[in-house]
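Each remark here refers to the structure printed beneath this line.
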Amino acid sequence: MLSSMRPHLRTPPGPRAAEHGGALAELAMVIPLMLSLLLVIFDFGQGFLAYISVSNGARDGARAAMLYEEACTHSSVQPQVELAATNGASPYTVTVTVTVPATGQCRVRVTHAYTPILPFVTSSFELPFVGPVGPLWDGTLAHAMVSQ
């Protein structure tokens, strides 16, 4: 058999020979960015859920304050307003403040200290060529509602 009749099993050297492993290198660069993006989306989703719960707690507390004919700072009414606000903001641990401003309406303020997963949101960090940045947010969620 002539050597010219045998099939060539090796690929000839050319421009594609240098690309072996290029896709793996690109994947190694893209995966950390994609995972970071997913973590940011998850973290902001959790923060938004906490904000909605705090807002619901303030609304439920103001609604409970409207049901009573006494002032909302009365000794029998204030625990009921605080309980309604706390239950409305569950499963988060909240602080409820009930006040009566000069207008005479009941003001229910619900606060929650949210701790995000991403550390750079609530602490300062250093960027090259820019300097210190942050904190972007102090981690406190607060919402107030006024009963009519």
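The values are calculated or read from the model by the stated rules, or taken from the named source; none is laboratory data. What you see is a predicted model; the values in this text were computed from it and never measured. Every residue, glycine among them, receives a Cβ derived from its backbone with ideal geometry; neighbour counts consider all protein chains shown.
Exactly one residue among Gln80, Gln105 is assigned to a loop (DSSP other than H, G, I, E, B) and either at pLDDT 90 or above or more than 17 Å from the chain's Cα centre (by Cα) (or both), and that residue is Gln105.
Taking segment 93-102 as the region of interest, how many residues are more than 21 Å from the chain's Cα centre (by Cα) and of a type in the set (Val, Ile, Thr)? Break it down into steps so the answer makes sense when it comes.
Within segment 93-102, the subset more than 21 Å from the chain's Cα centre (by Cα) is 96-102.
Checking the rest, the ones that are also of a type in the set (Val, Ile, Thr) come to 96-100.
Going through segment 93-102 one residue at a time, the tally reaches 5.
Scanning segment 88-102 for residues that are touching a strand residue (DSSP E or B) at 6+ places or on another chain (Cβ under 8 Å) and loosely packed, with under 11 Cβ neighbours inside 10 Å returns Thr93, Pro101. Just a yes or no: is a residue in segment 64-74 assigned to a helix (DSSP H, G or I), of a type outside the set (A, V, I, L, M) and free of Cβ contacts under 8 Å to residues at least 40 places away in the same chain? Checking segment 64-74: not a single residue is assigned to a helix (DSSP H, G or I), of a type outside the set (A, V, I, L, M) and free of Cβ contacts under 8 Å to residues at least 40 places away in the same chain. The set of residues from segment 108-120 being in a loop (DSSP other than H, G, I, E, B) and free of Cβ contacts under 8 Å to residues at least 40 places away in the same chain comprises just one member, Thr115.
Taking the numbered list (1) within 18 Å of Gly139 (Cα to Cα); (2) assigned to a helix (DSSP H, G or I); (3) in contact with a helix residue (DSSP H, G or I) (Cβ under 7 Å, 6 or more places away or on another chain) in turn, Thr86 passes all entries but (1).
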